[in-house]
Amino acid sequence: MDGTDAKTRLQAVLGPELRGRVAAVVDRDGAVTVVLDVAGLDAAMRDAAKQEVRRTALAEFGANEVRIAATAERPRRTIIAIGSGKGGVGKSTLTANLAVAMARRGRRVGLVDADIYGPSQPVIFGVQDQKPTTRDDKLVPIDTGKGVHLLSMGNLVAPGKALAWRGPMAGGALAQLVDADWGETDLLLIDLPPGTGDVQLTMLQKFKPAGAILVSTPQDLALIDAARAGQLFEAGGVSVIGLVENMAGYACPHCGEMSDPFGAGGVEQAAGRLDLPFLGRVPLDMAIRLGSDRGTPPAARDEAVAAPFQRIAAALDEWLSARA
C-alpha cells in the first residue's frame, strides 16, 4: 500500500490527540511500521501512545506485526555549573534551592550531584532512600517532587559507604550522570565538588557548560579558592555568570541583632574587582539549615527565607533569556 494512503488510513481511525503525531506509515508484507512523533510527552505518555497506535494499526491493517519508530526532537538543554573552589561554603544548599526556584519560574530543571565522594543532594531533597531506574541502558533521574529531577551517587551506593575511586573512575561516574535520560529537561545544574580536580576537568572537556556560578562565603580564604575555580572556568572557555555570597550575616533569634561571623561584603567586592556580576547574598539562617536536613528546601515555600534564592534565580533566568 502507498505510504501516504496508509498514513491517511491510520490517521482516520486514531483520536485527535494522536492523529497529528503520525509522521509516516509503511504497510509491507504483513508488517506495519509507524513513525510516531512523541516530542513533549513524558515516559508514561509515550508508552501509552505507542500502545494505542499499535493496537489501532493491528486492527486497521490486519497486520501480523506493528513496529513503532518513536522520534522526538532532542530538547535544547543548557548546562550550568555551580562551583566554589572551597568546601563548606554551602554550595550544595545554594544549588538545590536555586534548582527549585528555577523550576518555580517554569524551567524544566535537572540537577546532577557531581560530588562523587561526598554527595549531599539526596538528603537536601529527602530522597536518600530512592534508587534511579534505567531505560535503554541509561539512568532515569529521580523525581524529587519539588519540580526538580535528580541524579546523585548518593542514590546509587549504600548509605554511608565511602568511595575509594581514582580520578578516571570519578570522571566516568560523572559522565553517566550527565548522559542520563533527562527527558524534556531544558536546564541542567551541576553541583560540582570543591576544588579544581578530575571531575571539574571531565565536565569542562566533555560537557562544556554554558556558564558557571561561583559560591563563596565572605572571608578571604574562601574567596581565594573561589578565584581559582573562576580561573579554571575561564581557561576552559566557560563564562562566569556571577558570584553569590553565602552565609552573609546572622540575625540573633533572641534579640534580632545582626552579626557577620564570616565577614560581610567580601564577595560583592571581589565581583567588582573581577568585573563580574554579583548575583546576591544568602544569610546564615537556621531555617535554611533545618530545611536542608529535613529534605525541604526553603525555596519550595512562599516564605521570607526563600527570597534570596528567588532573586538569584531571577538573575540566572535573565541571563538564560538573554542568550536564547
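Read-outs throughout are calculated quantities, based only on the coordinates presented, and are distinct from any laboratory measurement. Fair warning: this is a prediction, and the values are worked out from it, not measured in the lab. Here the Cβ positions follow ideal geometry from the backbone for every residue, glycine too, while neighbour counts run over all protein chains shown.
Data overview
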{"read-out": "Cβ-based net charge around R281, under 13 Å, with every Lys or Arg adding one and every Asp or Glu removing one", "value": "-3"}
{"read-out": "Fraction in percent of alpha-carbon pairs per bin - 5 Å, segment 54-127", "value": "3, 11, 17, 16, 10, 7, 6, 6, 8, 7, 5, 3, 1, 0"}
{"read-out": "Proximal charge balance of P218 [Cβ under 11 Å; K/R count +1, D/E count -1]", "value": "-3"}
{"read-out": "Lys, Arg +1 and Asp, Glu -1 on Cβ, resulting dipole of the chain about Cα centre, debye, nearest 20", "value": "280"}
{"read-out": "Trypsin sites (Lys or Arg not before Pro) restricted to segment 1-101 and DSSP loop, no more than 13 other C-beta within 10 Å", "value": "R76"}
{"read-out": "For the chain: rounded, prolate or oblate by the Cα gyration tensor [a/c cutoff 1.5]", "value": "prolate"}
{"read-out": "Where N is the number of residues in segment 1-75, Cα Rg divided by 2.2 N^0.38 Å", "value": "1.02"}
{"read-out": "Beta bridges per DSSP with both ends in segment 196-324, % antiparallel, nearest 5", "value": "15"}
{"read-out": "Mean-position separation - Cα centroids, segment 277-324 and segment 29-88, in angstrom", "value": "34"}
{"read-out": "Of the trypsin sites (Lys or Arg not before Pro) in segment 212-310, those whose Cβ has at most 15 other Cβ within 10 Å and which sit in DSSP loop", "value": "R301"}
{"read-out": "Over 30 Å between alpha carbons, listed pairs K86/K208; K7/K146; K7/K206; K91/K146; K50/K138", "value": "K7/K146; K7/K206"}
{"read-out": "Three-way shape call for segment 251-298 based on the alpha-carbon gyration tensor, with the a/c threshold at 1.5", "value": "oblate"}
{"read-out": "222 nm mean residue ellipticity, helices alone, for the chain (DSSP H n ≥ 4; -39,500 (n - 2.57); rounded to 500)", "value": "-12000 deg cm²/dmol"}
{"read-out": "Descending Cα extents along the principal axes, segment 169-324, whole Å", "value": "51, 35, 35"}
